[in-house]
Amino acid sequence: MTEPSTDFKSVGLSKPILDNLKSLGYLKMTPIQAEGLPIILGKRDFIGQANTGSGKTAAFALGILTKLDVAQTLPQALVLVPTRELAEQVANEIRRLARFTNNIKVLTISGGSEERHNIVSLKQGAHVVVGTPGRVMKMLKKNMLRTSELKVLVLDEADRLLEMGSVEEINAIAALTPSSRQTMLFSATFPNGIKTLSASLQDNALQVTIDSQHQNSTIEQLFFKVHEEKNDALLSVLAHYRPDSCLIFCNSREACNKVAGFLRTKKMDTLQIHSELDQQDRTLILIKFDNQTCRILVATDVASRGLDVKDVSAVINYDLPSDHELYIH
Ligand code: AMP
């Protein structure tokens, strides 16, 4: 099979969009864009299996932007995401990609923000709405959000949306949108719930899977023999390597809490995860770490069994792992 072109020109984007992509430094399409955009721009329903960092946001954002009628300030695209932070990130990426034209309004409405602010903004009108399912549903119930003109519905990080228990809201929201809409679903993993969701919301969707397995050769392993206080050594390692994101493993919940507490006293934004947290808290913490809202995560090695985090720059075993399988994981 021939590889798809990585040239943005090959998918038929307009000159102003192409010029803007160039000015943003997007010189070549990423794999999810090269394989996904021909389908997305062809208006087919789409399933993208891709991680954060793959360029998936631009893939669906370009799909949205090519379908907007700017003259109509009505919601024409709705993007559902699991968290407020992700809503902001997605909205910002859409705004950057929308710079080729004036007047495209992108709004976020998420849990945790003031409802009355959402209402004021919605009254002023928007072309694209990005939000969390609970808050979007609330605005729909209050008749503040109109979805009758919706052309595109996107579920971003659909596996996380399911983990957060949003499936009923998502189905209820989708039921209030035109059946002629294009529905795109992006997810890093594909548990059965995602297949069910796709079957209920999508029509003949085409799927693209981007394999993001890293090469073993890209992992450098270092061992530090520590004579001083281990916490001081940890600080020195973090200060020296300055990882963009760092996962720190400890052997017990107490150690995990202590190390995370210590790093916070040093003004390092740190979260901790262990088996005593409930599923929703774990999910929220992992999303924050995945999105790099928080760059340091301290975990017990037991909690690590179920961890699936992408793009970690550094892993520090603060304590020696209890078995080699855990270390490799
Ligand atoms: P995402 O996976 O959507 O979170 O995107 C990861 C990052 O890649 C974001 O900072 C985007 O701005 C950037 N990005 C997306 N597409 C491209 C591209 N074709 N060339 C360069 N950077 C890109």
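The residue that is modelled with the highest pLDDT, counting only those in the stretch 309-329 that are of a type outside the set (D, E, K, R) and open to solvent by 80 Å² or more (accessible area, probe 1.4 Å), is 315. Number of residues in the stretch 140-172 that are surrounded by fewer than 23 Cβ atoms within 10 Å (Cβ to Cβ), assigned to a helix (DSSP H, G or I) and touching a strand residue (DSSP E or B) at 6+ places or on another chain (Cβ under 7 Å): the value is 2. When 90, 106, 79 are checked against the criterion of being surrounded by 14 or more Cβ atoms within 10 Å (Cβ to Cβ), within 16 Å of the ligand (Cβ to nearest atom) and closer than 19 Å to residue 293 by Cα, 90 stands alone in meeting it.
So which helices (runs of 4 or more DSSP H) stay within the stretch 219-308 end to end and still have 3 or more residues that are surrounded by fewer than 19 Cβ atoms within 10 Å (Cβ to Cβ), touching a residue at least 12 places away in the same chain (Cβ under 8 Å) and over 20 Å from the mean Cα position of the chain (by Cα)?
230-241, 253-265
Going by the structure shown, is residue 186 open to solvent by 10 Å² or more (accessible area, probe 1.4 Å), hydrophobic (A, V, I, L, M, F, W, C) and either assigned to a loop (DSSP other than H, G, I, E, B) or in contact with a strand residue (DSSP E or B) (Cβ under 6 Å, 6 or more places away or on another chain) (or both)? For residue 186, the condition - open to solvent by 10 Å² or more (accessible area, probe 1.4 Å), hydrophobic (A, V, I, L, M, F, W, C) and either assigned to a loop (DSSP other than H, G, I, E, B) or in contact with a strand residue (DSSP E or B) (Cβ under 6 Å, 6 or more places away or on another chain) (or both) - is not met.
Residues in the stretch 27-37 that are assigned to a loop (DSSP other than H, G, I, E, B) and either in contact (Cβ under 8 Å) with a residue 60 or more places away in the chain or under 19 Å from the mean Cα position of the chain (by Cα) (or both): 29, 30.
Across the stretch 89-118, the number of residues qualifying as farther than 23 Å from residue 168 by Cα and part of a helix (DSSP H, G or I) comes to 13. For the stretch 38-72, a residue qualifies if it is within 10 Å of the ligand (Cβ to nearest atom) and either more than 23 Å from residue 309 (Cβ to Cβ) or in a helix (DSSP H, G or I) (or both), and the qualifying residues are 56, 57, 58, 59, 60, 61, 62. Residues in the stretch 85-109 that are under 20 Å from residue 184 (Cα atoms) and of a type outside the set (A, V, I, L, M) were compared, and the one that is nearest to the chain's Cα centre (by Cα) is 89.
The values are calculated or read from the model by the stated rules, or taken from the named source; none is laboratory data. Note that the structure is predicted; figures quoted are calculated from it, not measured. Note: ideal-geometry Cβ built from the backbone for every residue, glycine included; neighbour counts use all protein chains shown. Ligands, DNA and RNA are stripped out before the accessible areas are found, and what is left, the full protein with its side chains, is counted by its heavy atoms. Shrake-Rupley method; radii C 1.70, N 1.55, O 1.52, S 1.80 Å.
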